[in-house]
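The structure under discussion appears below in the form of structure tokens.
The values are calculated or read from the model by the stated rules, or taken from the named source; none is laboratory data. Please read all numbers here as calculations on a predicted model, not as lab measurements. Here the Cβ is made from the backbone with ideal geometry for all residues, glycine too, and neighbour counts use every protein chain on show.
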Amino acid sequence: MDKPLLDPDKALRLVLDAVRPLPVEERPLETCAGYALAEEIAAACDLPSFDNSAMDGYAVREEDARGATSKSPVQLPISQVIAAGTVPGALAAGTAAKIMTGAPMPAGADAVLPKEYTREEEGRVLLLEAPDVGDHVRRRGDDIRAGAPLMEGGRRLRAYEIGLLAGQGFGELRVHRKPRAAILSSGDELVPFREPVGAGRIRNSSAPALSAMVASWGMEPVGCPIAPDREEAIKTAIDRALEGADALLLCGGVSVGDFDHTRAALISLGFEESFWRVAIRPGKPLLFGTLGGKPVFGLPGNPISTLVTAEVFVRPALEKMAGLRGGVDAFDRVGVIEEAFDKPRALRHFLFCSMRSDEDGVARLRVLQPQGSAMLTMGAKADALAVGPIGAARLEPGMEVRFKRL
């Protein structure tokens, strides 16, 4: 008798328990986009490091500009021009300094009046409005003070973080190495997707799609030649694929057909199986375990099944290996089903949908039909993936479900 299908939440916990962050390496700051910071960083200096102007305009003493209006402007002589990167002198009382965005504030000035509220005439400026103290002045340390916590470990570094750290003078960072995921398809029916197909053969669409998905997560996919449907050949291909890889993603051969040899090949190599077959659709035959301490995923061969199981189970594992914090649920939005849809009560059904927002901002989800594990056209039309929960045999119109954008 077959073992009961594993609950998908338990399956994900088993996956995450089996993987650890990869070793730390030091990299030049400008090459760290997409990597996970390996340690907490404190601010090295105040940011900004000096009081500066947020606008092109005129630096003044607030008391000298008091009462200025467009009908009764205040006139002040221009005592200096301050460009970004220069060191200004102190602002004499009763004068104004023409100042550029980012330029240091002169001592004595406490406000900036933007250029559009002024008029310049023969070495003097007419102030058409009275500024308040602090207007358009970026004070030293407004962004962050030296020694304050700047960035926590486990954060994915984006352009914003790179810019902030560059402004703090960090030239190199300690980050976790990105996982290299080997992608290996098996099947006598498969041919490389660039080659012509003969009778009874199909192009390998799962591997390039999975490679694109892994790359979109910021990880490093490694393509492998297609393995034929023979156990010894699959064993050899697995050994080669794991050389230099941190994880192995196998496409196909994990079901119960006469030519599904992937599971047997893995077991003969010393594979430590965590689970096989999960209560989901598509992707029920999902296989997971470790080989030589490295995570191995046996993904169903149909391309939609491959991509759904990768999104739900592989992505969180690779993100943990990359040192990224969290374990954020990718299905973090709530939408409303528009049309009834029948599903297996015992399975969590991932449903490809088209989404629209109504006038109240509610996400309305229309399940594309038919749904099928090999229907890439369906996947290409969808812009949302919804979760039909275990225990529900029918999704009724108006029912709330979790989903993610595609």
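Candidates ALA363, ALA340, ALA380, ALA346: the one that is at pLDDT 95 or above, touching a Phe, Trp or Tyr at 6+ places or on another chain (Cβ under 9 Å), aliphatic (A, V, I, L, M) and not assigned by TED's automatic domain parsing to the domain that holds ARG156 is ALA363. Looking only at the range 65-82, count how many residues are surrounded by fewer than 21 Cβ atoms within 10 Å (Cβ to Cβ) and under 24 Å from PRO104 (Cα atoms). Number of matching residues: 8.
Of the strands (runs of 3 or more DSSP E) lying entirely inside the range 105-150, those containing at least 1 residues that are aliphatic (A, V, I, L, M) span 111-114, 124-127. Once the range 36-47 is narrowed to residues that are under 28 Å from the mean Cα position of the chain (by Cα) and either at pLDDT below 95 or charged (D, E, K, R) (or both), the residue that is farthest from ALA146 (Cα to Cα) is GLU39.
Only one entry of ASP239, ASP246 meets the criterion of being among the charged types (D, E, K, R) and surrounded by 19 or more Cβ atoms within 10 Å (Cβ to Cβ), and that entry is ASP246. For SER205, the conditions (1) under 22 Å from the mean Cα position of the chain (by Cα); (2) closer than 30 Å to LEU269 by Cβ all hold with the exception of (1). Per the conditions (1) farther than 28 Å from ARG145 by Cα; (2) of a type outside the set (Phe, Trp, Tyr); (3) in contact with a strand residue (DSSP E or B) (Cβ under 8 Å, 6 or more places away or on another chain), the sole criterion not satisfied by ASP56 is (1). Within 16 Å of VAL133 (Cα to Cα), out of contact with any helix residue (DSSP H, G or I) (no Cβ under 7 Å at 6 or more places or on another chain) and either at pLDDT 95 or above or surrounded by fewer than 16 Cβ atoms within 10 Å (Cβ to Cβ) (or both), is that true of ALA111? Taking the combined requirement at face value, the residue does not satisfy it.
Scanning the range 192-239 for residues that are in contact with a Pro (Cβ under 6 Å, 6 or more places away or on another chain), part of a helix (DSSP H, G or I) and within 15 Å of ARG315 (Cα to Cα) yields a count of 4. Only a single criterion out of (1) touching a residue at least 60 places away in the same chain (Cβ under 8 Å); (2) part of a strand (DSSP E or B) is not satisfied by LEU76, namely (1). Taken over the range 1-51, residues that are farther than 30 Å from HIS349 by Cβ and part of a loop (DSSP other than H, G, I, E, B) amount to 19.
Of the residues in the range 37-51, at least one is farther than 30 Å from GLY102 by Cβ, aliphatic (A, V, I, L, M) and in contact (Cβ under 8 Å) with a residue 60 or more places away in the chain.
For the range 237-260, indicate whether the set of residues that are polar (S, T, N, Q) and modelled with pLDDT of 90 or more is non-empty. No, the range 237-260 contains no residue that is polar (S, T, N, Q) and modelled with pLDDT of 90 or more. Can you name the number of the only condition in (1) within 30 Å of TYR35 (Cβ to Cβ); (2) modelled with pLDDT of 95 or more; (3) among the acidic types (Asp, Glu) that ASP143 fails? Condition (2) is where ASP143 drops out. Restricting attention to the range 23-35, the residues being of a type in the set (A, V, I, L, M) and either free of Cβ contacts under 8 Å to residues at least 40 places away in the same chain or under 19 Å from ILE144 (Cβ atoms) (or both) number 1. Within the range 82-99, the residues that satisfy the criterion of being part of a strand (DSSP E or B) and either within 12 Å of VAL60 (Cα to Cα) or in contact with a helix residue (DSSP H, G or I) (Cβ under 9 Å, 6 or more places away or on another chain) (or both) are ALA96, ALA97, LYS98, ILE99. Regarding ALA148, is this residue touching a residue at least 40 places away in the same chain (Cβ under 8 Å) and within 18 Å of ALA44 (Cα to Cα)? Yes; evaluated as a whole, the condition is true for this residue.
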